[in-house]
Amino acid sequence: MRIGELSRRTGVPVPTIKYYVREGLLPPGELTSPNQAAYGEAHERRLRLIRALLDVGGMKVAEIAEVLAALDDPERPLHKVLGAAADRLGGEDVEQDDAESATARAVVDDLVSRRGWRTHESNRAATDLAEVLAAMSRLGHGAFVEVLDDYADAAERVARADLGYVARRVAVEDMVEAVVVGTVLGEAAFSALRRLAHVDASAKRYGADWPEERTAD
């Protein structure tokens, strides 16, 4: 297909497609003449992945480029691809050096140790979690650590579900892409599910009249 058709099928403007090609996110099309190129289903699939990581996953173009480079590396083990995707998630490095931060880091280190989680110092997740706990403590909600293991139990179940989905993919290239999708878009999916569950749990616990009011509508 020509670039115009690729644009129509994906909803991505032609200038944006050309930008992705220049940045190395999208492979160039096969030249059919000095000024024209042909694109295939692989281009369409990659373009949809780029847009999903950008629009739903909230990733930046530079971050997507790094993840796609890991995805396209035939020598990169699946575990390393997952790590490359996970490393792009999380906040910026804004750690504070105060009592709350020190206490939070100790809590997270203990959690990781007790649960036998294997991690790496390059993984920002532990740092991000410590920053969240420290911020809660500063707001007077340090007791949140009492439910941290409940959250960890749920996180382990979600992680197993993510990797179970990956394991169902047959082709190697599908498995590698599934790792990226499950990590980045799965994060967005779980966040949305959590918000839905919050509303339901709140209505059941605190809004005794909520179902009747909704039924009356």
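The values are calculated or read from the model by the stated rules, or taken from the named source; none is laboratory data. Here the structure is a predicted model, which means the values were calculated and not measured.
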Condition broken by Ala167, with the remaining ones in (1) modelled with pLDDT of 90 or more; (2) under 19 Å from the mean Cα position of the chain (by Cα) satisfied: (1)
Candidate set: the range 71-103, residues that are over 15 Å from the mean Cα position of the chain (by Cα) and closer than 29 Å to Leu6 by Cα; chosen: the one modelled with the lowest pLDDT: Pro74
Residue in the range 147-163 that is at pLDDT 90 or above, among the β-branched types (Val, Ile, Thr) and either in a helix (DSSP H, G or I) or under 30 Å from Arg46 (Cα atoms) (or both) present: yes
